[in-house]
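Let me begin by presenting the structure, written as structure tokens, before commenting on it.
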Amino acid sequence: MINANLHTDRPTFVTHLECSLTGETYAADQLHGLSAAGRPLLVRYDLPAAGAALSRDALEARPTDLWRWRELLPVRRTASIVSLGEIETPLVPIPRSGGAQVLVKDEGRLPTGSFKARGLVMAVAMARELDVARIAMPTNGNAGAALAAYASRCGIEAIVLAPEETPEINVREIAAQGARVWRVNGQIDDCGAIVARGAAEGRWFDFSTLKEPYRIEGKKTMGLELAAQFGWELPDAIFYPTGGGTGLIGMWKAFDELEALGWIGPKRPRMYAVQASGCAPIVRAFEAGEEHAERWEDAATVAAGIRVPRAVGDFLILRAVRASGGRALAVGDPAILAAVDAAARKDGLLLCPEGGATLAAYHQAVKDGFVDPDERTVLFNCATGLKYPMPEAPQWLDRHGEIDLSRL
Ligand SMILES: *Cc1c(COP(=O)(O)O)cnc(C)c1O
């Protein structure tokens, strides 16, 4: 049994959906993609009613998994929930490679080994609730794996398109978990265009990042968890590896909802959107003072999860970063790989390259005076490092020969 919360129907408090650009409202309990303005839809709740139904003390008495937040999530029917054990992820100190005040939120412990599980568990549950039979999605790897797992588990068909440079292990895990996966000679937005074409023909439902409203709600639980883990006072700075930006947008939304409930005060962390210098459209827009980001041509980085040339929620990322007093920062692949190496060797924590990017950006931000080493800082490691290529370890011993034990 995963969580007793799952076995009782609880009221949910969704009132409607809202266009993130225009504020236009849409009915809950219906299938929606983007708004009429072509922008992400945000789920809105009756927060006073949710607060009356669930106190902070009652929340704290529940098991600590993702479903403890049920009153702040969109799923209405318990029978819609499809779970693989979405635990609360730990905050791991990395004093030697990071600093005394640096904690890594290690999302690699989630089902399918990445935080894409948070978004997809919610989106698939809602697809199930709204009777979707077939889903298609572009992915750089981890999202497709999470979709495959949850869709297979509840009998929804999944078609996944991955850019040619997607790590082989991701393509294989998607296939192994029962989705139909195809490599495409292009970037993730090229894959997305094919998915959109099929969706327009009514072949499947389009699950691209932020093109359906519920992945944000799943990713929002990172912000809810952080608040609870920090004793209802948020950290000073958050470094988030930013591709589509779902998690950054979701956490920012979570903080507002928690403040509306009266569970936290107005203090917010400074949000640092971290990108790779080989694909940094949000950083370029941030530095130019733009509200939207132009597509990044010839995107290339070892950090596949943040190789996203164009984000449909660009303005939401930029608004949150600016409102928080944070920044968008780019780091190069050599710095990313050096950070992965340092965290593993000095602190025993194997980061994914995207997680390494946040550590590299943190050091750069300290050097540039944006962050003080005394400030409480959270870095997001969004997938297990075990899914990524590691440096060779080629040494052999011949057990029949002479072995100089002093050299081992
Ligand atoms: C998807 C992904 C990201 C980027 O997440 P977004 O919320 O889409 O910006 C970062 N790291 C890893 C490992 C990912 O899989």
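The values are calculated or read from the model by the stated rules, or taken from the named source; none is laboratory data. These numbers come from a predicted model, not from an experiment. Every residue, glycine among them, receives a Cβ derived from its backbone with ideal geometry; neighbour counts consider all protein chains shown. To get the accessible areas, we keep the full protein, side chains included, count just its heavy atoms, and leave off ligands, DNA and RNA. Shrake-Rupley method; radii C 1.70, N 1.55, O 1.52, S 1.80 Å.
Of the candidates I194, I188, the single residue that is away from the ligand (no atom under 12 Å from the Cβ) and aliphatic (A, V, I, L, M) is I194. Listed by position, the helices (runs of 4 or more DSSP H) inside the stretch 299-397 whose residues that are within 15 Å of the ligand (Cβ to nearest atom) and surrounded by fewer than 24 Cβ atoms within 10 Å (Cβ to Cβ) number at least 1 are 314-324, 333-347. Contact map, the stretch 82-99: first residue open to solvent by 40 Å² or more (accessible area, probe 1.4 Å), second residue modelled with pLDDT of 95 or more and in a loop (DSSP other than H, G, I, E, B), Cβ cut-off under 6 Å, separation 6 or more or different chains; pairs are I87/D65; E88/T64.
Take the stretch 83-126 and flag every residue that is part of a helix (DSSP H, G or I) and touching an Asp or Glu at 6+ places or on another chain (Cβ under 7 Å). It would help to see each step written out before you state the result.
We begin by selecting, within the stretch 83-126, every residue part of a helix (DSSP H, G or I); these are 107-109, 111-113, 116-126.
Those that are part of a helix (DSSP H, G or I) and touching an Asp or Glu at 6+ places or on another chain (Cβ under 7 Å): P111, A117, R118, V121, M122, A123.
State the number of residues belonging to the stretch 130-159 that are crowded, with 24+ Cβ neighbours inside 10 Å, out of contact with any Phe, Trp or Tyr (no Cβ under 7 Å at 6 or more places or on another chain) and of a type in the set (G, A, S).
Of the residues in the stretch 130-159, the ones crowded, with 24+ Cβ neighbours inside 10 Å are 135-151, 158.
Keeping just the survivors that are out of contact with any Phe, Trp or Tyr (no Cβ under 7 Å at 6 or more places or on another chain) gives 138-146, 148-151, 158.
Next, only the ones that are of a type in the set (G, A, S) stay: 141, 143-146, 148-149, 151, 158.
Total meeting the criteria: 9.
What do you reckon, is A79 within 16 Å of the ligand (Cβ to nearest atom) and of a type in the set (A, V, I, L, M, F, W, C)? No; evaluated as a whole, the condition is false for this residue.
So, V371, is that one under 30 Å from G144 (Cα atoms) and either at pLDDT below 95 or touching a helix residue (DSSP H, G or I) at 6+ places or on another chain (Cβ under 7 Å) (or both) or not? Criteria not met by V371.
Residues checked against (1) under 20 Å from the mean Cα position of the chain (by Cα); (2) in contact (Cβ under 8 Å) with a residue 40 or more places away in the chain:
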| position | (1), (2) |
| --- | --- |
| R134 | no, yes |
| M137 | yes, yes |
| A143 | yes, yes |
| A151 | yes, no |
| C154 | no, yes |
| A162 | yes, no |
| R180 | no, no |
| R183 | no, no |
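Does A260 qualify as being closer than 18 Å to D106 by Cβ, in contact with a helix residue (DSSP H, G or I) (Cβ under 6 Å, 6 or more places away or on another chain) and surrounded by fewer than 24 Cβ atoms within 10 Å (Cβ to Cβ)? Spelling it out, it is not the case that A260 is closer than 18 Å to D106 by Cβ, in contact with a helix residue (DSSP H, G or I) (Cβ under 6 Å, 6 or more places away or on another chain) and surrounded by fewer than 24 Cβ atoms within 10 Å (Cβ to Cβ). F115 meets the conditions (1) more than 16 Å from the ligand (Cβ to nearest atom); (2) touching a Ser or Thr at 6+ places or on another chain (Cβ under 9 Å); (3) of a type outside the set (D, E, K, R) in every case but one. The failed one is (1).
A count restricted to the stretch 263-278 and to residues that are within 16 Å of the ligand (Cβ to nearest atom) and surrounded by fewer than 24 Cβ atoms within 10 Å (Cβ to Cβ) stands at 2.
So which of Q177, Q229 is open to solvent by 50 Å² or more (accessible area, probe 1.4 Å), under 30 Å from D256 (Cα atoms) and touching a strand residue (DSSP E or B) at 6+ places or on another chain (Cβ under 9 Å)? Walk me through it before giving the result.
Details: Q177 fails: under 30 Å from D256 (Cα atoms).
It is Q229.
Of the candidates R76, R39, the single residue that is farther than 19 Å from T246 by Cβ, surrounded by 14 or more Cβ atoms within 10 Å (Cβ to Cβ) and of a type in the set (D, E, K, R) is R76.
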